[in-house]
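Accompanying notes for the structure given below.
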Amino acid sequence: MDFKNLVVEELSKVLPETITIEKITDLIEIPKSSDLGDYAFPTFILAKELHKAPNIIASELVEKIEKDSFEKVESKGAYINFFTDKSAYSNDILHIILTENMNYGNTQQGENRNVTIDMSSPNIAKPMSMGHLRSTVIGNSISKIITKLGYNPVKINHLGDWGTQFGKLIVAYKLWGSEEDVKKDPITNLLKYYVKFHEEAEEKPELDDQARAWFKRIEDGDQEALQLWKWFREESLKEFNRIYDRLGVTFDSYNGEAFYNDKMDDVVNELEDKGLLVESRGAEIVDLSDENLSPALIKKSDGATLYITRDLAAAIYRKKTYDFAKSLYVVGQEQTEHFKKLKTVLNLMGYDWSDDIEHIQFGLITTGGKKLSTRKGNVILLDEVLNDAESLALKQIEEKNPKLENKELVAKQVGVGAVVFHDLKNERRDSFDFDLQEVVRFEGETGPYVQYSNARALSILRKVDNEDYLSTDNLSINDSNAWDTIKLLGNFPDVLQRALREYEPSVIAKYSLRLAKSFNQYYAHSKILADDEQKNARLALVKSVSIVLTMSLALLGVNAPEEM
Ligand code: ARG
(Lines give C-alpha, C1' and ligand atoms only; values in the text may rest on other atoms or scores of the structure.)
Protein backbone atom coordinates (compact mmCIF):
# COMPACT_ATOMS: atom_id res chain seq x y z
CA MET A 1 0.00 0.00 0.00
CA ASP A 2 1.42 3.30 -1.10
CA PHE A 3 0.16 6.22 0.94
CA LYS A 4 0.62 8.69 -1.82
CA ASN A 5 -1.76 6.58 -3.91
CA LEU A 6 -4.22 6.64 -1.08
CA VAL A 7 -4.10 10.41 -1.06
CA VAL A 8 -4.58 10.48 -4.84
CA GLU A 9 -7.47 8.06 -4.59
CA GLU A 10 -9.35 9.98 -1.93
CA LEU A 11 -8.74 13.27 -3.70
CA SER A 12 -9.99 11.91 -7.03
CA LYS A 13 -13.32 11.06 -5.41
CA VAL A 14 -13.97 14.70 -4.47
CA LEU A 15 -12.25 16.64 -7.26
CA PRO A 16 -13.92 17.60 -10.55
CA GLU A 17 -13.50 14.93 -13.22
CA THR A 18 -11.49 17.27 -15.41
CA ILE A 19 -8.56 16.70 -13.09
CA THR A 20 -7.08 13.35 -14.00
CA ILE A 21 -5.35 10.92 -11.69
CA GLU A 22 -2.03 11.76 -13.37
CA LYS A 23 -2.61 15.43 -12.80
CA ILE A 24 -3.40 14.92 -9.13
CA THR A 25 -0.31 12.74 -8.71
CA ASP A 26 1.78 15.48 -10.28
CA LEU A 27 0.37 18.23 -8.12
CA ILE A 28 0.85 16.54 -4.78
CA GLU A 29 3.71 18.02 -2.81
CA ILE A 30 5.72 16.84 0.14
CA PRO A 31 5.60 19.63 2.75
CA LYS A 32 8.88 20.96 4.09
CA SER A 33 7.72 20.71 7.69
CA SER A 34 5.96 17.74 9.24
CA ASP A 35 3.52 20.17 10.95
CA LEU A 36 1.99 20.47 7.52
CA GLY A 37 1.47 16.77 7.14
CA ASP A 38 3.13 14.20 4.91
CA TYR A 39 1.47 15.15 1.65
CA ALA A 40 -0.14 18.37 0.54
CA PHE A 41 -2.47 19.21 -2.31
CA PRO A 42 -2.49 22.82 -3.60
CA THR A 43 -5.91 23.99 -4.81
CA PHE A 44 -4.82 26.98 -6.91
CA ILE A 45 -5.55 25.34 -10.25
CA LEU A 46 -9.21 24.82 -9.25
CA ALA A 47 -9.87 28.50 -8.62
CA LYS A 48 -10.73 29.36 -12.19
CA GLU A 49 -12.98 26.39 -12.79
CA LEU A 50 -14.86 26.68 -9.50
CA HIS A 51 -14.90 30.50 -9.38
CA LYS A 52 -13.81 30.49 -5.76
CA ALA A 53 -10.77 31.50 -3.75
CA PRO A 54 -8.30 28.63 -3.23
CA ASN A 55 -8.52 28.73 0.58
CA ILE A 56 -12.32 28.40 0.41
CA ILE A 57 -11.97 25.49 -2.01
CA ALA A 58 -9.50 23.82 0.33
CA SER A 59 -11.72 24.06 3.38
CA GLU A 60 -14.79 22.87 1.46
CA LEU A 61 -12.94 19.89 0.02
CA VAL A 62 -11.61 18.85 3.41
CA GLU A 63 -15.20 18.43 4.60
CA LYS A 64 -15.92 15.97 1.79
CA ILE A 65 -12.77 13.86 2.01
CA GLU A 66 -13.00 10.39 3.55
CA LYS A 67 -10.57 10.57 6.44
CA ASP A 68 -10.65 7.07 7.90
CA SER A 69 -7.32 5.94 6.47
CA PHE A 70 -5.45 8.98 7.74
CA GLU A 71 -4.37 10.26 11.08
CA LYS A 72 -6.00 13.54 10.05
CA VAL A 73 -6.72 15.73 7.03
CA GLU A 74 -6.68 19.53 7.41
CA SER A 75 -6.85 22.60 5.25
CA LYS A 76 -4.31 25.33 5.68
CA GLY A 77 -4.61 28.30 3.36
CA ALA A 78 -4.84 27.03 -0.18
CA TYR A 79 -3.52 23.60 0.77
CA ILE A 80 -5.06 20.38 1.92
CA ASN A 81 -2.64 18.61 4.24
CA PHE A 82 -2.72 14.86 4.72
CA PHE A 83 -1.25 13.25 7.83
CA THR A 84 -0.70 9.57 7.26
CA ASP A 85 -1.62 7.02 9.85
CA LYS A 86 1.88 6.28 11.11
CA SER A 87 1.22 2.90 12.67
CA ALA A 88 -0.56 1.61 9.61
CA TYR A 89 2.05 3.07 7.31
CA SER A 90 5.02 1.55 9.11
CA ASN A 91 3.27 -1.79 9.22
CA ASP A 92 2.63 -1.72 5.48
CA ILE A 93 5.98 -0.45 4.33
CA LEU A 94 8.04 -2.77 6.53
CA HIS A 95 6.06 -5.78 5.37
CA ILE A 96 6.58 -4.77 1.76
CA ILE A 97 10.33 -4.32 2.14
CA LEU A 98 10.88 -7.54 4.09
CA THR A 99 8.87 -9.48 1.49
CA GLU A 100 10.37 -7.94 -1.59
CA ASN A 101 13.86 -7.60 -0.16
CA MET A 102 16.33 -6.64 -2.91
CA ASN A 103 13.44 -6.44 -5.38
CA TYR A 104 11.83 -3.57 -3.50
CA GLY A 105 11.20 -0.76 -5.98
CA ASN A 106 11.53 -3.01 -9.04
CA THR A 107 9.17 -2.38 -11.94
CA GLN A 108 8.65 -3.79 -15.41
CA GLN A 109 8.19 -0.39 -17.05
CA GLY A 110 11.17 -0.95 -19.36
CA GLU A 111 9.46 -4.00 -20.88
CA ASN A 112 12.89 -5.51 -21.29
CA ARG A 113 13.75 -3.08 -24.07
CA ASN A 114 17.38 -2.29 -24.80
CA VAL A 115 19.01 0.94 -23.76
CA THR A 116 22.51 1.45 -25.13
CA ILE A 117 24.88 3.30 -22.82
CA ASP A 118 27.99 4.72 -24.44
CA MET A 119 30.29 5.04 -21.46
CA SER A 120 33.92 5.32 -20.35
CA SER A 121 35.33 5.34 -23.92
CA PRO A 122 38.94 6.34 -23.19
CA ASN A 123 41.48 6.92 -25.90
CA ILE A 124 44.03 4.24 -26.66
CA ALA A 125 47.63 5.02 -25.74
CA LYS A 126 46.59 7.80 -23.39
CA PRO A 127 45.98 7.63 -19.65
CA MET A 128 42.40 7.27 -18.56
CA SER A 129 41.38 10.69 -17.31
CA MET A 130 39.14 11.67 -14.41
CA GLY A 131 36.59 12.56 -17.09
CA HIS A 132 36.62 8.96 -18.27
CA LEU A 133 36.22 7.88 -14.65
CA ARG A 134 33.14 10.05 -14.35
CA SER A 135 31.72 8.60 -17.54
CA THR A 136 32.47 5.06 -16.31
CA VAL A 137 30.84 5.36 -12.91
CA ILE A 138 27.85 7.44 -14.05
CA GLY A 139 27.19 5.05 -16.94
CA ASN A 140 27.58 2.04 -14.68
CA SER A 141 25.13 3.45 -12.15
CA ILE A 142 22.58 4.33 -14.83
CA SER A 143 22.85 0.77 -16.14
CA LYS A 144 21.95 -0.55 -12.68
CA ILE A 145 19.10 1.89 -12.17
CA ILE A 146 17.47 1.07 -15.49
CA THR A 147 17.91 -2.66 -14.92
CA LYS A 148 15.87 -2.34 -11.75
CA LEU A 149 13.14 -0.67 -13.76
CA GLY A 150 12.90 -3.40 -16.35
CA TYR A 151 15.22 -2.18 -19.11
CA ASN A 152 18.09 -4.11 -20.57
CA PRO A 153 21.26 -2.02 -20.59
CA VAL A 154 23.91 -2.49 -23.28
CA LYS A 155 27.12 -0.99 -21.96
CA ILE A 156 29.34 0.08 -24.82
CA ASN A 157 32.95 1.18 -24.47
CA HIS A 158 33.36 3.30 -27.59
CA LEU A 159 37.16 3.25 -27.45
CA GLY A 160 39.07 6.06 -29.14
CA ASP A 161 41.12 3.58 -31.12
CA TRP A 162 41.28 5.21 -34.56
CA GLY A 163 42.64 8.37 -36.08
CA THR A 164 45.82 10.02 -37.29
CA GLN A 165 47.40 9.82 -33.83
CA PHE A 166 48.11 6.15 -34.48
CA GLY A 167 50.26 7.10 -37.46
CA LYS A 168 52.22 9.40 -35.16
CA LEU A 169 52.54 6.69 -32.58
CA ILE A 170 54.00 4.23 -35.06
CA VAL A 171 56.55 6.75 -36.31
CA ALA A 172 57.54 7.61 -32.75
CA TYR A 173 57.72 3.98 -31.69
CA LYS A 174 59.95 3.08 -34.62
CA LEU A 175 62.26 5.98 -33.87
CA TRP A 176 62.48 5.94 -30.10
CA GLY A 177 60.47 3.05 -28.71
CA SER A 178 61.14 -0.46 -27.49
CA GLU A 179 58.91 -3.49 -27.25
CA GLU A 180 60.09 -4.12 -23.72
CA ASP A 181 59.09 -0.67 -22.48
CA VAL A 182 55.67 -0.84 -24.04
CA LYS A 183 55.03 -4.21 -22.43
CA LYS A 184 56.25 -3.03 -19.06
CA ASP A 185 54.23 0.13 -18.83
CA PRO A 186 52.23 0.62 -22.01
CA ILE A 187 50.34 3.80 -21.35
CA THR A 188 53.17 5.77 -19.79
CA ASN A 189 55.54 4.87 -22.58
CA LEU A 190 53.11 5.26 -25.45
CA LEU A 191 52.23 8.67 -24.09
CA LYS A 192 55.92 9.51 -23.86
CA TYR A 193 56.44 8.61 -27.54
CA TYR A 194 53.43 10.66 -28.50
CA VAL A 195 54.62 13.73 -26.61
CA LYS A 196 58.12 13.37 -28.05
CA PHE A 197 56.65 13.13 -31.52
CA HIS A 198 54.96 16.49 -31.10
CA GLU A 199 58.12 18.11 -29.79
CA GLU A 200 60.23 16.80 -32.63
CA ALA A 201 57.65 17.43 -35.34
CA GLU A 202 57.84 21.15 -34.68
CA GLU A 203 61.38 21.14 -36.03
CA LYS A 204 60.94 18.34 -38.52
CA PRO A 205 57.62 18.63 -40.36
CA GLU A 206 58.52 15.56 -42.44
CA LEU A 207 57.57 13.50 -39.39
CA ASP A 208 53.97 14.56 -39.92
CA ASP A 209 54.09 13.32 -43.50
CA GLN A 210 55.44 9.99 -42.31
CA ALA A 211 52.71 9.78 -39.71
CA ARG A 212 50.00 10.41 -42.30
CA ALA A 213 51.54 7.75 -44.50
CA TRP A 214 51.54 5.22 -41.64
CA PHE A 215 47.95 5.94 -40.76
CA LYS A 216 47.03 5.49 -44.41
CA ARG A 217 48.76 2.10 -44.24
CA ILE A 218 46.65 1.16 -41.21
CA GLU A 219 43.51 2.19 -43.04
CA ASP A 220 44.55 0.23 -46.13
CA GLY A 221 45.09 -2.89 -44.05
CA ASP A 222 48.87 -3.09 -44.37
CA GLN A 223 50.06 -6.05 -42.24
CA GLU A 224 52.84 -4.37 -40.28
CA ALA A 225 50.88 -1.20 -39.61
CA LEU A 226 47.80 -3.09 -38.53
CA GLN A 227 49.79 -5.36 -36.26
CA LEU A 228 51.35 -2.44 -34.43
CA TRP A 229 48.00 -0.69 -34.09
CA LYS A 230 46.45 -3.84 -32.71
CA TRP A 231 49.27 -4.34 -30.27
CA PHE A 232 49.06 -0.77 -28.92
CA ARG A 233 45.34 -1.24 -28.55
CA GLU A 234 45.66 -4.51 -26.66
CA GLU A 235 48.33 -3.26 -24.31
CA SER A 236 46.30 -0.14 -23.49
CA LEU A 237 43.16 -2.14 -23.02
CA LYS A 238 44.91 -4.46 -20.56
CA GLU A 239 45.65 -1.46 -18.41
CA PHE A 240 42.16 0.00 -18.70
CA ASN A 241 40.73 -3.37 -17.74
CA ARG A 242 42.77 -3.40 -14.59
CA ILE A 243 41.03 -0.19 -13.55
CA TYR A 244 37.61 -1.49 -14.59
CA ASP A 245 38.26 -4.57 -12.43
CA ARG A 246 39.05 -2.43 -9.45
CA LEU A 247 35.86 -0.47 -9.98
CA GLY A 248 33.84 -3.62 -10.64
CA VAL A 249 32.65 -2.34 -14.01
CA THR A 250 32.07 -4.57 -17.03
CA PHE A 251 31.08 -3.87 -20.63
CA ASP A 252 28.92 -5.62 -23.18
CA SER A 253 30.88 -4.27 -26.11
CA TYR A 254 34.28 -2.78 -26.80
CA ASN A 255 33.38 -1.72 -30.31
CA GLY A 256 35.26 1.54 -30.56
CA GLU A 257 35.84 3.93 -33.39
CA ALA A 258 37.90 1.45 -35.42
CA PHE A 259 34.98 -0.98 -35.54
CA TYR A 260 33.13 1.44 -37.81
CA ASN A 261 35.93 1.71 -40.31
CA ASP A 262 34.22 -0.50 -42.87
CA LYS A 263 30.79 0.99 -42.14
CA MET A 264 31.63 4.56 -43.03
CA ASP A 265 31.27 4.36 -46.81
CA ASP A 266 27.62 3.45 -46.38
CA VAL A 267 27.02 6.50 -44.23
CA VAL A 268 28.78 8.81 -46.64
CA ASN A 269 26.83 7.34 -49.57
CA GLU A 270 23.57 7.64 -47.72
CA LEU A 271 24.24 11.28 -46.89
CA GLU A 272 25.05 11.82 -50.55
CA ASP A 273 21.87 10.04 -51.75
CA LYS A 274 19.77 12.08 -49.38
CA GLY A 275 21.27 15.26 -50.78
CA LEU A 276 22.78 16.32 -47.50
CA LEU A 277 26.44 16.35 -48.44
CA VAL A 278 27.97 19.55 -49.80
CA GLU A 279 31.51 20.36 -50.77
CA SER A 280 33.35 23.05 -48.91
CA ARG A 281 36.99 23.80 -49.67
CA GLY A 282 37.61 20.25 -50.82
CA ALA A 283 35.96 18.71 -47.74
CA GLU A 284 32.52 17.11 -47.53
CA ILE A 285 30.22 18.63 -44.96
CA VAL A 286 26.59 18.70 -43.86
CA ASP A 287 25.41 22.25 -43.57
CA LEU A 288 23.60 22.81 -40.26
CA SER A 289 23.28 26.59 -40.36
CA ASP A 290 19.47 26.27 -40.31
CA GLU A 291 19.84 24.79 -36.83
CA ASN A 292 22.39 27.39 -35.75
CA LEU A 293 25.15 24.83 -35.63
CA SER A 294 28.52 24.84 -37.32
CA PRO A 295 28.78 22.36 -40.23
CA ALA A 296 29.32 18.65 -39.56
CA LEU A 297 32.64 17.78 -41.17
CA ILE A 298 32.16 14.31 -42.67
CA LYS A 299 35.22 13.82 -44.85
CA LYS A 300 38.44 15.79 -45.01
CA SER A 301 39.95 16.85 -48.31
CA ASP A 302 42.40 13.91 -48.12
CA GLY A 303 39.47 11.51 -47.82
CA ALA A 304 39.91 10.83 -44.08
CA THR A 305 36.73 10.44 -42.07
CA LEU A 306 36.17 12.12 -38.73
CA TYR A 307 34.94 11.57 -35.20
CA ILE A 308 31.38 12.49 -36.14
CA THR A 309 31.41 10.24 -39.22
CA ARG A 310 32.23 7.32 -36.97
CA ASP A 311 29.55 8.37 -34.50
CA LEU A 312 26.96 8.48 -37.30
CA ALA A 313 27.93 4.96 -38.33
CA ALA A 314 27.87 3.85 -34.69
CA ALA A 315 24.41 5.31 -34.03
CA ILE A 316 22.93 3.61 -37.09
CA TYR A 317 24.67 0.34 -36.25
CA ARG A 318 23.35 0.45 -32.68
CA LYS A 319 19.79 1.06 -33.82
CA LYS A 320 20.02 -1.87 -36.24
CA THR A 321 21.72 -4.18 -33.77
CA TYR A 322 19.91 -3.36 -30.53
CA ASP A 323 16.73 -1.60 -31.63
CA PHE A 324 17.20 0.59 -28.57
CA ALA A 325 14.38 2.36 -26.72
CA LYS A 326 16.96 4.96 -25.71
CA SER A 327 20.52 5.56 -26.73
CA LEU A 328 22.54 7.31 -24.04
CA TYR A 329 25.97 8.89 -24.38
CA VAL A 330 27.68 9.54 -21.07
CA VAL A 331 30.22 12.11 -22.21
CA GLY A 332 31.55 15.39 -20.76
CA GLN A 333 29.66 18.58 -21.41
CA GLU A 334 32.47 19.91 -23.61
CA GLN A 335 31.04 17.65 -26.32
CA THR A 336 27.54 19.10 -26.20
CA GLU A 337 27.86 20.66 -29.64
CA HIS A 338 29.06 17.36 -31.11
CA PHE A 339 26.02 15.45 -29.88
CA LYS A 340 23.65 18.18 -31.01
CA LYS A 341 25.14 17.84 -34.47
CA LEU A 342 24.94 14.08 -34.36
CA LYS A 343 21.24 14.16 -33.51
CA THR A 344 20.52 16.83 -36.08
CA VAL A 345 22.25 15.02 -38.94
CA LEU A 346 20.43 11.77 -38.09
CA ASN A 347 17.19 13.70 -37.99
CA LEU A 348 17.90 15.23 -41.40
CA MET A 349 18.59 11.72 -42.67
CA GLY A 350 15.01 10.94 -41.72
CA TYR A 351 15.65 8.82 -38.66
CA ASP A 352 12.92 9.68 -36.18
CA TRP A 353 14.70 7.58 -33.53
CA SER A 354 17.25 10.37 -33.30
CA ASP A 355 14.87 11.73 -30.65
CA ASP A 356 15.79 8.74 -28.48
CA ILE A 357 19.42 9.77 -28.39
CA GLU A 358 20.38 11.55 -25.24
CA HIS A 359 23.66 13.16 -24.28
CA ILE A 360 24.13 12.47 -20.57
CA GLN A 361 26.56 15.26 -19.92
CA PHE A 362 28.68 15.89 -16.87
CA GLY A 363 30.94 18.61 -15.50
CA LEU A 364 34.68 18.84 -15.03
CA ILE A 365 36.79 17.61 -12.16
CA THR A 366 39.36 20.18 -11.07
CA THR A 367 42.18 20.13 -8.52
CA GLY A 368 42.91 23.15 -6.44
CA GLY A 369 40.39 24.95 -8.63
CA LYS A 370 42.41 24.21 -11.78
CA LYS A 371 41.40 22.31 -14.85
CA LEU A 372 43.25 19.04 -15.31
CA SER A 373 45.50 18.81 -18.33
CA THR A 374 47.72 15.97 -19.49
CA ARG A 375 49.92 18.36 -21.37
CA LYS A 376 50.42 20.81 -18.52
CA GLY A 377 51.21 18.00 -16.11
CA ASN A 378 48.20 18.85 -13.98
CA VAL A 379 46.93 15.27 -13.90
CA ILE A 380 45.28 12.96 -11.42
CA LEU A 381 46.21 9.35 -12.07
CA LEU A 382 43.26 7.17 -11.38
CA ASP A 383 45.32 4.24 -10.24
CA GLU A 384 47.07 6.38 -7.67
CA VAL A 385 43.81 7.83 -6.44
CA LEU A 386 42.44 4.34 -5.86
CA ASN A 387 45.66 3.24 -4.16
CA ASP A 388 45.65 6.24 -1.86
CA ALA A 389 41.97 5.85 -1.07
CA GLU A 390 42.47 2.20 -0.18
CA SER A 391 45.39 2.86 2.13
CA LEU A 392 43.60 5.74 3.83
CA ALA A 393 40.63 3.45 4.37
CA LEU A 394 42.92 0.78 5.81
CA LYS A 395 44.41 3.32 8.18
CA GLN A 396 40.98 4.32 9.43
CA ILE A 397 39.96 0.71 9.93
CA GLU A 398 43.18 0.03 11.88
CA GLU A 399 42.24 2.89 14.19
CA LYS A 400 38.56 2.17 14.62
CA ASN A 401 38.23 -1.57 14.32
CA PRO A 402 41.64 -3.24 14.51
CA LYS A 403 40.17 -6.70 15.11
CA LEU A 404 38.14 -6.73 11.89
CA GLU A 405 38.60 -9.80 9.71
CA ASN A 406 39.43 -9.32 6.02
CA LYS A 407 40.72 -5.83 6.69
CA GLU A 408 42.39 -5.58 3.30
CA LEU A 409 39.28 -6.55 1.38
CA VAL A 410 37.09 -4.19 3.37
CA ALA A 411 39.62 -1.39 2.87
CA LYS A 412 39.39 -1.97 -0.87
CA GLN A 413 35.61 -1.82 -0.80
CA VAL A 414 35.65 1.30 1.33
CA GLY A 415 38.44 3.07 -0.56
CA VAL A 416 37.08 2.43 -4.04
CA GLY A 417 33.54 2.97 -2.81
CA ALA A 418 34.55 6.36 -1.42
CA VAL A 419 35.95 7.52 -4.76
CA VAL A 420 32.92 6.32 -6.70
CA PHE A 421 30.42 7.71 -4.22
CA HIS A 422 32.15 11.08 -4.11
CA ASP A 423 31.78 11.35 -7.84
CA LEU A 424 28.14 10.27 -7.92
CA LYS A 425 26.83 12.37 -5.06
CA ASN A 426 27.42 15.49 -7.14
CA GLU A 427 24.75 16.35 -9.66
CA ARG A 428 26.39 15.20 -12.82
CA ARG A 429 26.36 18.58 -14.56
CA ASP A 430 28.21 20.21 -11.67
CA SER A 431 31.95 20.56 -11.76
CA PHE A 432 33.74 19.70 -8.55
CA ASP A 433 37.13 19.91 -7.00
CA PHE A 434 38.90 16.71 -6.13
CA ASP A 435 40.39 16.42 -2.65
CA LEU A 436 41.34 12.92 -1.59
CA GLN A 437 41.20 13.57 2.17
CA GLU A 438 37.67 14.80 1.68
CA VAL A 439 36.73 11.72 -0.31
CA VAL A 440 37.62 9.01 2.21
CA ARG A 441 36.35 10.63 5.36
CA PHE A 442 34.14 8.27 7.34
CA GLU A 443 31.92 11.10 8.52
CA GLY A 444 29.90 13.66 6.64
CA GLU A 445 28.49 13.20 3.20
CA THR A 446 30.68 10.32 2.11
CA GLY A 447 30.38 6.78 0.82
CA PRO A 448 32.10 5.32 3.91
CA TYR A 449 29.48 7.03 6.06
CA VAL A 450 26.68 5.22 4.23
CA GLN A 451 28.62 1.96 4.27
CA TYR A 452 29.29 2.41 7.96
CA SER A 453 25.61 3.09 8.72
CA ASN A 454 24.65 -0.08 6.92
CA ALA A 455 27.28 -2.11 8.76
CA ARG A 456 25.94 -0.69 12.02
CA ALA A 457 22.41 -1.79 11.14
CA LEU A 458 23.70 -5.29 10.39
CA SER A 459 25.62 -5.43 13.64
CA ILE A 460 22.42 -4.68 15.58
CA LEU A 461 20.73 -7.59 13.83
CA ARG A 462 23.64 -9.87 14.70
CA LYS A 463 23.00 -9.13 18.36
CA VAL A 464 19.62 -10.84 18.35
CA ASP A 465 19.58 -14.60 18.43
CA ASN A 466 16.52 -15.15 16.25
CA GLU A 467 14.89 -13.76 13.12
CA ASP A 468 11.34 -13.67 14.45
CA TYR A 469 11.03 -10.11 13.24
CA LEU A 470 10.94 -11.46 9.69
CA SER A 471 7.63 -13.18 10.35
CA THR A 472 5.94 -10.90 12.84
CA ASP A 473 2.41 -9.89 11.80
CA ASN A 474 2.21 -6.52 13.44
CA LEU A 475 5.04 -4.20 12.46
CA SER A 476 3.41 -0.95 13.58
CA ILE A 477 5.75 1.60 15.04
CA ASN A 478 4.33 4.64 16.76
CA ASP A 479 7.63 6.06 18.01
CA SER A 480 7.86 9.52 16.44
CA ASN A 481 11.66 9.22 16.34
CA ALA A 482 11.26 6.49 13.73
CA TRP A 483 8.90 8.34 11.50
CA ASP A 484 11.42 10.14 9.31
CA THR A 485 13.26 6.89 8.58
CA ILE A 486 10.04 5.04 7.81
CA LYS A 487 8.91 7.75 5.44
CA LEU A 488 12.25 7.71 3.66
CA LEU A 489 12.02 3.95 3.25
CA GLY A 490 8.60 4.41 1.69
CA ASN A 491 9.95 7.04 -0.72
CA PHE A 492 12.52 4.74 -2.28
CA PRO A 493 10.39 3.75 -5.32
CA ASP A 494 9.77 7.44 -6.06
CA VAL A 495 13.47 8.19 -5.71
CA LEU A 496 14.25 5.50 -8.27
CA GLN A 497 11.78 6.99 -10.71
CA ARG A 498 13.32 10.40 -10.34
CA ALA A 499 16.81 9.00 -10.85
CA LEU A 500 15.57 7.41 -14.07
CA ARG A 501 13.74 10.49 -15.32
CA GLU A 502 16.80 12.65 -14.88
CA TYR A 503 19.43 9.96 -15.52
CA GLU A 504 20.88 11.19 -12.29
CA PRO A 505 22.69 8.81 -9.90
CA SER A 506 23.14 11.69 -7.44
CA VAL A 507 19.44 11.36 -6.61
CA ILE A 508 20.19 7.90 -5.20
CA ALA A 509 23.43 8.99 -3.53
CA LYS A 510 21.77 11.92 -1.77
CA TYR A 511 18.87 9.73 -0.76
CA SER A 512 21.20 7.14 0.78
CA LEU A 513 22.92 9.89 2.78
CA ARG A 514 19.59 11.13 4.08
CA LEU A 515 18.47 7.63 5.00
CA ALA A 516 21.77 6.87 6.74
CA LYS A 517 21.60 10.10 8.70
CA SER A 518 18.00 9.62 9.68
CA PHE A 519 18.70 6.06 10.77
CA ASN A 520 21.68 7.15 12.89
CA GLN A 521 19.50 9.73 14.61
CA TYR A 522 16.85 7.14 15.29
CA TYR A 523 19.49 4.81 16.66
CA ALA A 524 20.78 7.52 18.98
CA HIS A 525 17.31 8.26 20.35
CA SER A 526 15.73 4.88 20.86
CA LYS A 527 16.49 1.63 22.55
CA ILE A 528 16.08 -0.69 19.63
CA LEU A 529 16.83 -3.86 21.58
CA ALA A 530 14.61 -3.06 24.58
CA ASP A 531 12.26 -5.93 25.39
CA ASP A 532 8.79 -4.60 24.67
CA GLU A 533 5.99 -5.38 22.23
CA GLN A 534 7.46 -3.21 19.46
CA LYS A 535 10.90 -4.79 19.52
CA ASN A 536 10.31 -6.94 16.45
CA ALA A 537 8.88 -4.02 14.55
CA ARG A 538 12.01 -2.02 15.37
CA LEU A 539 14.23 -4.87 14.23
CA ALA A 540 12.22 -5.09 11.03
CA LEU A 541 12.90 -1.40 10.57
CA VAL A 542 16.65 -1.94 11.06
CA LYS A 543 16.58 -4.82 8.59
CA SER A 544 14.66 -2.68 6.08
CA VAL A 545 17.17 0.12 6.42
CA SER A 546 20.00 -2.28 5.67
CA ILE A 547 18.16 -3.67 2.65
CA VAL A 548 17.54 -0.23 1.19
CA LEU A 549 21.03 1.10 1.99
CA THR A 550 22.69 -1.98 0.49
CA MET A 551 20.50 -1.64 -2.58
CA SER A 552 21.18 2.08 -2.95
CA LEU A 553 24.92 1.49 -2.76
CA ALA A 554 24.64 -1.33 -5.29
CA LEU A 555 22.79 1.02 -7.65
CA LEU A 556 25.78 3.33 -7.44
CA GLY A 557 28.19 0.48 -8.08
CA VAL A 558 29.48 0.61 -4.50
CA ASN A 559 29.99 -2.43 -2.27
CA ALA A 560 28.35 -2.66 1.13
CA PRO A 561 30.70 -4.50 3.54
CA GLU A 562 28.87 -6.25 6.36
CA GLU A 563 31.38 -5.14 8.91
CA MET A 564 33.84 -2.31 8.90
N1 ARG B 1 36.94 8.96 -26.77
C2 ARG B 1 36.19 10.17 -26.55
C3 ARG B 1 36.95 11.10 -25.60
O4 ARG B 1 37.74 10.64 -24.81
C5 ARG B 1 34.82 9.90 -25.98
C6 ARG B 1 33.91 9.11 -26.86
C7 ARG B 1 32.49 9.26 -26.47
N8 ARG B 1 31.59 8.44 -27.24
C9 ARG B 1 31.20 8.72 -28.49
N10 ARG B 1 30.40 7.86 -29.06
N11 ARG B 1 31.58 9.79 -29.12
O12 ARG B 1 36.75 12.29 -25.65
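Some notes on this structure:
- Options LEU297, LEU348, LEU312: the member that is more than 30 Å from GLU438 (Cα to Cα), open to solvent by 60 Å² or more (accessible area, probe 1.4 Å), within 16 Å of the ligand (Cβ to nearest atom) and more than 24 Å from the chain's Cα centre (by Cα): LEU297
- Scanning the stretch 112-124 for residues that are within 12 Å of the ligand (Cβ to nearest atom) and open to solvent by less than 10 Å² (accessible area, probe 1.4 Å) turns up THR116, ILE117, ASP118, MET119, SER120, PRO122, ILE124.
- Yes/no for ARG242 being out of contact with any Gly (no Cβ under 8 Å at 6 or more places or on another chain) and assigned to a helix (DSSP H, G or I): yes
- Residues (among the small types (Gly, Ala, Ser) and not in a loop (DSSP other than H, G, I, E, B)) located in the stretch 74-88: SER75, SER87, ALA88
- Candidate set from the stretch 436-447 (those that are surrounded by 12 or more Cβ atoms within 10 Å (Cβ to Cβ) and at pLDDT below 85); member that is nearest to LEU549 (Cα to Cα): PHE442
- Qualifying residue in the stretch 93-113 (condition: within 21 Å of ASP356 (Cα to Cα), part of a helix (DSSP H, G or I) and out of contact with any Gly (no Cβ under 6 Å at 6 or more places or on another chain)): no
- Helices (runs of 4 or more DSSP H) fully within the stretch 168-221 that include at least 1 residues being open to solvent by less than 80 Å² (accessible area, probe 1.4 Å) and modelled with pLDDT under 90: 186-203, 206-219.
- The lone exception for ALA304 - which of (1) modelled with pLDDT of 95 or more; (2) open to solvent by less than 20 Å² (accessible area, probe 1.4 Å) it fails: (1)
- Note on the stretch 129-177: among residues that are charged (D, E, K, R) and without any contact (Cβ under 8 Å) to a residue 60 or more places away in the chain, the one that is nearest to the ligand (Cβ to nearest atom) is LYS168.
- Within the stretch 248-262, considering residues that are assigned to a helix (DSSP H, G or I) and away from the ligand (no atom under 14 Å from the Cβ), the one farthest from ALA554 (Cα to Cα): ASP262
- Flag if GLY369 is at pLDDT below 95, of a type outside the set (Ser, Thr, Tyr), loosely packed, with under 14 Cβ neighbours inside 10 Å and within 28 Å of TYR511 (Cα to Cα): yes
- Of all residues in the stretch 315-342 being surrounded by fewer than 18 Cβ atoms within 10 Å (Cβ to Cβ) and away from the ligand (no atom under 14 Å from the Cβ), the one that is farthest from VAL278 (Cα to Cα): ALA325
- Per this entry, SER135 is counted among residues that are assigned to a helix (DSSP H, G or I), small (Gly, Ala, Ser) and buried (at least 24 other Cβ atoms within 10 Å of the Cβ).
- For the stretch 249-292, a residue qualifies if it is over 30 Å from LYS230 (Cα atoms) and among the charged types (D, E, K, R), and the qualifying residues are GLU272, ASP273, LYS274, GLU279, ARG281, ASP287, ASP290, GLU291.
The values are calculated or read from the model by the stated rules, or taken from the named source; none is laboratory data. Given the structure is predicted, the values throughout are model-derived calculations rather than measurements. Cβ sites come from the backbone with ideal geometry, for glycine too, and all protein chains shown count toward neighbours. What goes into the accessible areas is simple: the full protein's heavy atoms, side chains included, and nothing from ligands, DNA or RNA. Shrake-Rupley method; radii C 1.70, N 1.55, O 1.52, S 1.80 Å.
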